[in-house]
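The values are calculated or read from the model by the stated rules, or taken from the named source; none is laboratory data. Nothing here was measured: the structure is a model prediction, and the numbers come from that model. Counting neighbours? That spans all protein chains shown, and the Cβs are built from the backbone with ideal geometry, glycine included.
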Amino acid sequence: MHKTSAWPLALVYSALIVFASLFPFAGWRAQGINPWVFLSARIPPPYWTWFDVNINIVGYGPLGFLLALALLRSDAPRAAVPVAALAGTLLSAAMEFLQIYLPRRVPSNMDLALNAAGTLLGALLALLLERLGAIDRWSLFRARWFTGQARGAIVLLVLWPVALLVPAAVPFSLGQVFERLELALIDMLEDTPFLEWLPMRDAPLVPLSPGGEMLCEVLGLLAPCLLAYCVVPNMGRRAVLAALGVGLGIAATALSAALSYGPVHAWEWLGLPAHLAIWVAMALAAAFIALPGRACAAVLMLVLMLQLSLLNQAPTSAYFAQTLQTWEQGRFIRFYGLGQWLGWLWPYATLLYVLLRVSRRGSHS
């Protein structure tokens, strides 16, 4: 039996909407006014742009699509569209309600209406695809290509290129959070006795050498290939997914660079080390293509642990830190910022998934 991947994807996407709506989670305060006052404000508000309109619709569209898709595959398909639309509207209303307590966020009834419209459009699109038979064709495709317990891997594979939209200090390298986490803990525990409990490093972090950066790039591209191998037994189909994964990784990294530095700089990251890393990653993916699923999972664990160890023993450059700060404070956080937590957590979630898969008896081998 193949469980639908729409439910976990909908839950992940809901969590990302909460993050993007309440970022940066700082400065909570009560203003002494009714938190629902935004509902009676005039439409449109004094300050709005077409970017805001489009992003509010597009941002909630996938949520409506995923919720309706999950409900269409359940025991209550007739309620899929109204329930999905209602759930998205309630989530948006909750986010607008909470934004009244954040100094850097402004609740808006226009945002609520646009979010509700986006959720409804996404749900209607799912219903249309169901009526056209596209969902059934996807189910048949999944049954042919993937093993029966592939839901978690499919969710992670879908989220990987989205996670790459966040600017990364090293291309294709996700999960570099140690330095940022350490600084956040120091700031949070400042002026408390618990600050002394933090383990402090004896030496400063050492930047990655060019060879170390290239190795991280190779491992970052190899990880989704090995993850696909864990749930795809056929070698020909593994080759197709590996090539597709590498292509999506390159495209997502170029799009991230274009959004961060401008379209003319979209390919500046693709120098000689990155070129070599891509070819080496493809060669290694070809070398591992015949490994059994459990062996691929074991290799993937080693790949993730090595990459995370290398990345988190190195600092981010001051230039990159400034770029990321500008990116976080700009309009990207309203939509592309949905991927920030994915960029931090994707390798750790994948590592946990693989650990559970390897430890499970009777998993595909």
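The table for this structure:
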quantity	calculated
Residue in region 128-140 that is at positive phi and either assigned to a helix (DSSP H, G or I) or not assigned by TED's automatic domain parsing to the domain that holds PRO315 (or both) present	yes
Of the criteria (1) in a helix (DSSP H, G or I); (2) farther than 26 Å from VAL155 by Cα, which one LEU16 fails	(2)
Unmet requirement for ALA286, which otherwise passes all of (1) farther than 22 Å from GLU213 by Cβ; (2) under 23 Å from the mean Cα position of the chain (by Cα); (3) at pLDDT 95 or above	(2)
Residue in region 74-97 that is under 26 Å from LEU11 (Cα atoms), touching a residue at least 60 places away in the same chain (Cβ under 8 Å) and among the basic types (Lys, Arg) present	no
From the options ARG78, ARG105, residue that is among the basic types (Lys, Arg), in the same structural domain as VAL12 (by TED's automatic domain parsing), in a loop (DSSP other than H, G, I, E, B) and surrounded by fewer than 22 Cβ atoms within 10 Å (Cβ to Cβ)	ARG105
Residue that is modelled with the lowest pLDDT [pool: residues in region 254-281 that are in a helix (DSSP H, G or I), buried (at least 16 other Cβ atoms within 10 Å of the Cβ) and small (Gly, Ala, Ser)]	SER260
Contacts under 6 angstrom Cβ, first residue in region 155-178 being farther than 16 Å from VAL12 by Cα, partner of a type in the set (Phe, Trp, Tyr) and surrounded by fewer than 24 Cβ atoms within 10 Å (Cβ to Cβ), 6 or more apart	LEU165/TYR336; PRO167/TRP327; ALA169/PHE320; PRO171/TRP269; LEU174/TRP346; VAL177/TRP344
Hey, LEU215 surrounded by 21 or more Cβ atoms within 10 Å (Cβ to Cβ) and either under 19 Å from the mean Cα position of the chain (by Cα) or part of a helix (DSSP H, G or I) (or both) or not	no
Neighbours by Cβ (under 6 Å, 6+ apart or cross-chain): first from region 253-268, touching a residue at least 12 places away in the same chain (Cβ under 8 Å) and not assigned by TED's automatic domain parsing to the domain that holds GLY220; second assigned to a helix (DSSP H, G or I) and not acidic (Asp, Glu)	none
Region 137-149 residues that are surrounded by 13 or more Cβ atoms within 10 Å (Cβ to Cβ), paired with ones that are assigned to a helix (DSSP H, G or I) (beta carbon under 6 Å, 6 or more apart)	TRP145/ARG237; PHE146/VAL231; THR147/VAL231
Residues (part of a helix (DSSP H, G or I) and at pLDDT below 80) located in region 141-150	PHE141, ARG142, ALA143
Looking only at region 29-62, and only at residues there that are at pLDDT 80 or above and more than 15 Å from ALA113 (Cα to Cα), the one that is surrounded by the most Cβ atoms within 10 Å (Cβ to Cβ)	PRO62
